[in-house]
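Q: Mind looking over this structure? Questions follow.
Nothing in this text is a laboratory measurement; each read-out follows from the coordinates by a stated rule. Since we're looking at a predicted model, the values are computed, not measured. We place every Cβ from the backbone using ideal geometry, glycine too, and count neighbours over all the protein chains shown.
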Amino acid sequence: MRQAEIARNTLETQITAKVNLDGSGQGKLATGVPFLDHMLDQIVRHGLIDIDIEAQGDLHIDAHHTVEDAGITLGQALARAWGDKKGLTRYGHSYVPLDEALTRVVIDLSGRPGLSFNVEFTRATIGGFDVDLIAEFFQGLVNHAGMTLHIDNLRGKNAHHQAETIFKAFGRALRMAVTPDPRMAGALPSTKGAL
């Protein structure tokens, strides 16, 4: 069973994340940040990965710590769920449009954290949510999942559409990367013999 549960408790946040890589796209999302919950739901539904995240954070200050730590905790849970990565496809990619917006996401479960985030949002906030926090979420995730992630918003005029295509494309690319490849027969998808 490719499942994991992680708890992260700091002076700023208390977060639990549970993932099932072989799920059916079910999620219980309660971060206290409604827009983040909406975006996480895109990963759940389009990645067909079950994700439960519950967070209590210092939202009286702002959403920064909660969003970043949600990314950290989800990254740790993903890494634990896929384990040694034997037999995985390893790479994933997706292009997702939403009306005028189009985003490309490419993933490598390389074991090396790296984020290339090329998004110029058309406004600074979406319903009070600071769009800078989207990059913070993914930076925390890649650092703790040990993945290389390229996110390129190729076009878009509506910031909500831009954000939604990012999370949908991430979910679909992640699903591709974590899918077992039967031709690998339990081998690591690497010429180095290690990831």
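Q: Among DSSP beta bridges lying fully in the chain, give the percent that are antiparallel, nearest 5. Intermediate results must be reported in sequence, preceding the final value.
A: Working: 33 of 42 bridges.
For the chain, the DSSP antiparallel bridge percentage is about 80.
Q: Between the helical axis of 64-82 and the dominant principal axis of the chain, each derived from Cα atoms, what acute angle in degrees is found, rounded to the nearest 10?
A: Between the helix axis and the principal axis of the chain, the angle is about 10 degrees.
Q: Continuing with this model, one more query. Counting Lys and Arg as +1 and Asp and Glu as -1, what is the net charge of the other residues whose Cβ lies under 15 Å from the Cβ of E54?
A: Values: positive: R8, K18, K28; negative: E5, D37, D41, D50, D52, D69.
Once positives and negatives cancel, what remains is -3.
Q: Roughly how many whole Å is it from the C-alpha centroid of segment 94-139 to that of segment 17-68?
A: With segment 94-139 and segment 17-68 each reduced to a Cα centre, they are spaced 16 Å.
Q: Further, regarding this structure: Cα-Cα over 23 Å: which of K18/K157; K18/K86; K28/K168; K18/K85; K28/K85? Please list the in-between numbers first.
A: Numbers: K18/K157 34 Å; K18/K86 21 Å; K28/K168 17 Å; K18/K85 18 Å; K28/K85 26 Å.
In this structure, K18/K157; K28/K85 lie more than 23 Å apart at Cα.
Q: Right, next: I need the calculated FRET efficiency for the pair A124 and K192, taking r as the beta carbon distance and R₀ as 41 Å, to the nearest 0.05. Walk me through the numbers before you get to the answer.
A: Numbers: r = 42 Å, r/R0 = 1.03.
E(calc), rounded to 0.05, equals 0.45.
Q: For helix 34-47, report the angle its Cα long axis makes with the longest principal axis of the Cα atoms of the chain; keep it between 0 and 90° and round to the nearest 10°.
A: Helix 34-47 and the main axis of the chain meet at about 30 degrees.
Q: For segment 41-119, what's the relative contact order in percent, using C-alpha pairs closer than 8 Å and at least 6 residues apart? If you can, show how the numbers build up before the last one.
A: Details: 40 pairs, mean separation 11.7, N = 79.
Relative contact order here is 15 percent.
Q: Quick one: which of 108-120, 166-178, 38-50 comes out on top by average Cβ neighbours within 10 Å, and what's the full order, highest first?
A: Averaged packing, sorted descending, gives the order 166-178, 38-50, 108-120.
Q: Another one. Can you tell me, using C-alpha contacts under 8 Å and at least 6 residues apart, the relative contact order of segment 68-170 as a whole percent?
A: Numbers: 209 pairs, mean separation 43.6, N = 103.
It rounds to 42 percent for segment 68-170.
Q: Relative contact order, percent, of the chain when contacts are C-alpha pairs under 8 Å separated by at least 6 residues? Write out the running numbers ahead of the final one.
A: Working: 491 pairs, mean separation 51.5, N = 195.
Here the relative contact order equals 26 percent.
Q: May I pose another question? Of (i) 35, 17, 14; (ii) 31, 18, 13; (iii) 26, 20, 14, which is the value of semi-axes √(5λ) of the Cα gyration tensor in Å derived from the coordinates here?
A: Correct label is (iii).
Q: What is the helix-to-structure angle for 132-145, meaning the angle in degrees between its Cα long axis and the longest Cα principal axis of the chain, kept from 0 to 90 and rounded to the nearest 10?
A: 20
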